[in-house]
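Presented below is the structure to which this report refers.
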Amino acid sequence: MTEPAAVDAASTVPSTDEAHTPRRTERTPADFPVSLRRQGLQRFSVRLVDLSPGGFCTEVDDPPRVGTTLWLTLPGLAPMMARVAWATGFRIGAEFTAPMHPSVLQAVIDRNS
C-alpha cells in the first residue's frame, strides 16, 4: 500500500489577496498618494497598493466596514465613487460604482510611477 503524497499546506491556502475575490480585471501595483473620503467626513491621504479599472486596494488607519461608500480622488481626476468590498486588518479593497476606462488607468499609472 502506498502512502498518500504529502501536501504542502501553504500551497492549498490562498493568499490574503487571492482569498477575496475572483478578479474581474488584472490589478496594477501602485504606490502613490491619493485621497479618500467617507460620506460626511473630510478627505484623508492614503497610498494605493494597487489599482484596476474595477477598483483599488489601499491601507488605512481606520478601515471602514464592508459596504461603506467612499470617494477616491486620483491625481488629475474627479473623485470616483466606490464601495468597500472587503477589509482585512488595515487593508481594504473597494469596487468602483462605474469602472475606469483602461486608457485612463494607464495614464494615471504612467503619470505617477
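The values are calculated or read from the model by the stated rules, or taken from the named source; none is laboratory data. All values derive from a computational prediction rather than experimental measurement. Methodologically, a virtual Cβ is constructed for each residue, glycine included, from the backbone with ideal geometry; neighbour enumeration extends over all protein chains shown. Surface accessibility is based on the protein's heavy atoms, side chains included, excluding ligands, DNA and RNA. Shrake-Rupley method; radii C 1.70, N 1.55, O 1.52, S 1.80 Å.
Of the strands (runs of 3 or more DSSP E) lying entirely inside region 66-113, those containing at least 1 residues that are open to solvent by less than 50 Å² (accessible area, probe 1.4 Å), touching a helix residue (DSSP H, G or I) at 6+ places or on another chain (Cβ under 8 Å) and under 12 Å from residue 52 (Cα atoms) are 91-96. Of everything in region 1-23 that is in a loop (DSSP other than H, G, I, E, B) and of a type in the set (Ser, Thr, Tyr), the residue that is modelled with the highest pLDDT is 21. Among the residues of region 74-113, those identified as under 16 Å from the mean Cα position of the chain (by Cα), of a type in the set (D, E, K, R) and more than 15 Å from residue 62 (Cα to Cα) are 83, 95. Contact map, region 78-103: first residue under 15 Å from residue 39 (Cα atoms) and touching a residue at least 40 places away in the same chain (Cβ under 8 Å), second residue outside any strand (DSSP E or B) and open to solvent by 60 Å² or more (accessible area, probe 1.4 Å), Cβ cut-off under 9 Å, separation 6 or more or different chains; pairs are 79/43. Can you find a residue that is open to solvent by 70 Å² or more (accessible area, probe 1.4 Å), farther than 15 Å from residue 30 by Cα, of a type in the set (Lys, Arg) and not in a strand (DSSP E or B) anywhere in region 50-65? So far as region 50-65 goes, yes, one or more of its residues are open to solvent by 70 Å² or more (accessible area, probe 1.4 Å), farther than 15 Å from residue 30 by Cα, of a type in the set (Lys, Arg) and not in a strand (DSSP E or B). Within region 42-70, residues that are within 10 Å of residue 95 (Cα to Cα) and of a type in the set (Gly, Ala, Ser) sit with their Cβ atoms under 6 Å from residues that are open to solvent by 30 Å² or more (accessible area, probe 1.4 Å) and in a loop (DSSP other than H, G, I, E, B), at 6+ positions apart or across chains, in these pairs: 52/25; 52/27; 54/24; 54/25; 54/99.
Hey, could you check region 24-49 for residues that are under 14 Å from the mean Cα position of the chain (by Cα) and in a loop (DSSP other than H, G, I, E, B) and say which is farthest from residue 111 (Cα to Cα)? So the residue we want is 24. Among the candidates 60, 49, 84, the residue that is touching a Gly at 6+ places or on another chain (Cβ under 8 Å) and β-branched (Val, Ile, Thr) is uniquely 84.
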